[in-house]
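Read the figures in this text as sums done on the coordinates, not as results from a lab. Small disclaimer: the values here were computed from a predicted structure and weren't measured. Here the Cβ positions follow ideal geometry from the backbone for every residue, glycine too, while neighbour counts run over all protein chains shown.
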Amino acid sequence: MRGGSDRLQAAGQESAAGRMRTYRYPKSSKNSEESGEKTMSRVYNFSAGPAVLPEEVLKEAAEEMLDYKGTGMSVMEMSHRSKAFETIINEAEADLRELMNIPDNYKVLFLQGGAHLQFSMVPMNLMKNRVADYIITGQWAKKAWKEAQKYGKANAIASSEDKVFSYIPDCSDLPVSEDADYVYICENNTIYGTKFKTLPNTKGKTLVADVSSCFLSEPVDVTKYGLIYGGVQKNIGPAGVVIVIIREDLITEDVLPGTPTMCQYKTHADAKSLYNTPPCYGIYICGKVFKWLKAKGGLEAMKEINEKKAKILYDFLDQSSLFKGTVVKEDRSLMNVPFVTGDADLDALFVKEAAAAGFVNLKGHRTVGGMRASIYNAMPIEGVEKLVEFMKAFEEAHQA
Ligand SMILES: Cc1ncc(COP(=O)(O)O)c(C=O)c1O
């Protein structure tokens, strides 16, 4: 992991604007037919997903692009049945297991179809009684709930829609259905910026969680869940891979009639995620991110960094006379931070000026407006510090 990045020796320099970072790559590897130097600029990318990835990972992948470890080909070009890819996927799984401390009675599946396909696969595979309870904390939970209604009785047992999903409902004593096959949550609400700080009391029912936007941002106790899943394009890798961590007793042949073979967890568990051609390159990048996380000290260390990073932004919002956060303090996400000025035109101007200064993708979700800074694992702390500096300057310039 380290070797490749060392060889690239990218030298970060602040440009005159003070925010756009310019990198100068030296004439490089034996595989490069280019002569001379390449220059490129990288911005601070606050996108909610696909999102920023660790630069070390991107540089190493670039180094290995034409010749992966002496195979003479890119990972994009190799058979998913090859020895080289077998090692990539096995190592990725082993590293993820280590990072999340995943018990042996859980399977790790690398699938496709995004988080959206899980909205269907979860009920198709788990709704044995055709009853499930959903906690509606945002659009993604709502979409999953709507999808589940196609397959059985999907109950909304709690919701925060009354206050535009700006909080997490009290889930300590919900009317969980006696015959519910599972209780479903979206653990971190990407659009609204809320996060479950305490998991719901499911009264003994299986907990299913969509963790797309908080995956690997802090330690989790996997044993509290029956199934955890997430699209990787926010905190782990490129779009196209969804990871499912599922307790073995939930993987059965007893699925709803008509469930396609590709939508059965058993198909993928039995084939070790190689039933069909998997998204090989995406899995390879995920594997590199797992190694990057391990080198950073794992999920405890990430939690500390993420808390520090989020605090910089939230502390600023809490004292700002122009900007304000939109979420109840105790439910604030460490990953997605929505904020507004209260004036839609000023919000639009902020987004525009921020982009010009190298802070991009700060526009809030199209359904809620305002701004949102997604500060996933790979966003460096200096990205948030500089964003706050920029916000301060904007505030001074636009004070009433
Ligand atoms: C929490 C959450 N769940 C589900 C989705 C949908 O993901 P996909 O586009 O991979 O289906 C998103 C996408 O942004 C999300 O943030």
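What is the mean projected area of the alpha carbon convex hull for the stretch 76-295, to one decimal in square nanometres?
11.5 nm²
Mean silhouette area of the stretch 78-196, derived from the convex hull of its C-alpha atoms and averaged over all directions, reads 9.6 nm². Residue 252 sits among other residues whose Cβ lies under 14 Å from its own Cβ, and their net charge, with Lys and Arg +1 and Asp and Glu -1, is -2. With the Kirkwood sum run over all distinct C-alpha pairs, the chain has a hydrodynamic radius of 22.4 Å. Within the stretch 357-400, which residues have the backbone N less than 12 Å from the label spot 7 Å out from residue 321 along Cα→beta-carbon, could you tell me? Output list for this probe position: 395-400. Evaluate the Debye formula for the stretch 242-321 with equal point scatterers sitting on the alpha carbons, no solvent, and hand back log10 of I(q)/I(0) at q = 0.14, 0.20, 0.21 Å⁻¹, in q order, two decimals. Rounded to two decimals, the profile gives -0.73, -0.96, -1.00.
Residue 304 to residue 203: extension gain in nm, 0.36 nm per residue of separation minus the Cα-Cα distance?
33.3 nm
Determine, from the Cβ-Cβ distance of residue 252 and residue 179 and an R0 of 22 Å, the FRET efficiency 1/(1 + (r/R0)^6), rounded to the nearest 0.05.
Rounded to the nearest 0.05, the efficiency is 0.80.
In this simple spin-label model, placing a label point 7 Å from the Cα along the Cα-to-Cβ direction at both residue 91 and residue 312 gives a separation of 3.1 nm. Look at the alpha carbon pairs under 8 Å that are at least 6 residues apart: their mean separation over the length of the chain gives a relative contact order of 20 percent.
For residue 369, neighbours were defined as the other residues whose beta-carbon sits under 15 Å from its Cβ, and their charges (Lys and Arg +1, Asp and Glu -1) total +2. Net charge dipole, the chain: roughly 440 debye, given to the nearest 20, about the Cα centre with Cβ charges of +1 for Lys and Arg and -1 for Asp and Glu. Identify which of 226, 49, 342 has the largest mean-square fluctuation in a Gaussian network model of the chain, with springs joining Cα atoms closer than 10 Å. Among 226, 49, 342, the largest GNM mean-square fluctuation belongs to 342.
Only DSSP H runs of four or more residues enter the estimate; each adds -39500 (n - 2.57), and after division by the residues of the chain the mean residue ellipticity at 222 nm equals -10500 deg cm²/dmol. Candidate cross-link partners of residue 296 among the lysines, defined by an alpha-carbon separation under 26 Å and a same-chain spacing of 8 or more, comprise 59, 69, 107, 195, 197, 224, 234, 288, 308, 309, 311, 386. Note on the stretch 312-357 and the stretch 170-190: Cα centroid distance 30 Å, given to the nearest whole angstrom. Inter-label distance, residue 67 to residue 82: 1.4 nm, where each label sits 7 Å from its Cα along the C-beta direction.
Applying 1/(1 + (r/R0)^6) with r as the Cβ-Cβ distance of residue 101 and residue 349 and R0 = 45 angstrom yields a FRET efficiency of 0.45. Protection proxy ranking, highest mean first, for peptides 204-211, 142-149: 204-211, 142-149, where packing is the per-residue count of other beta-carbon atoms within 10 Å, averaged. Spacing of the modelled spin labels on residue 397 and residue 330, each 7 Å from Cα toward Cβ, amounts to 3.9 nm. The relative contact order of the stretch 298-397, computed from alpha carbon pairs under 8 Å that lie at least 6 residues apart in sequence, is 29 percent.
Equivalent-ellipsoid semi-axes for the stretch 298-397 (Cα gyration tensor, √(5λ), whole Å, largest first): 22, 14, 13. Just checking the listed ones, 379, 121, 76: in the Gaussian network model of the chain with Cα springs under 10 Å, the one fluctuating most is 76. Electrostatic bookkeeping for residue 180 treats Lys and Arg as +1 and Asp and Glu as -1; over the other residues with beta carbon under 13 Å from its beta carbon, the sum is +1. Here is what passes the span test in the chain: the DSSP H helices with alpha carbon length of 15 Å or more along the helix axis and a Kyte-Doolittle mean of -1.0 or above are 83-100, 114-126, 280-295, 298-319, 344-356, 381-397.
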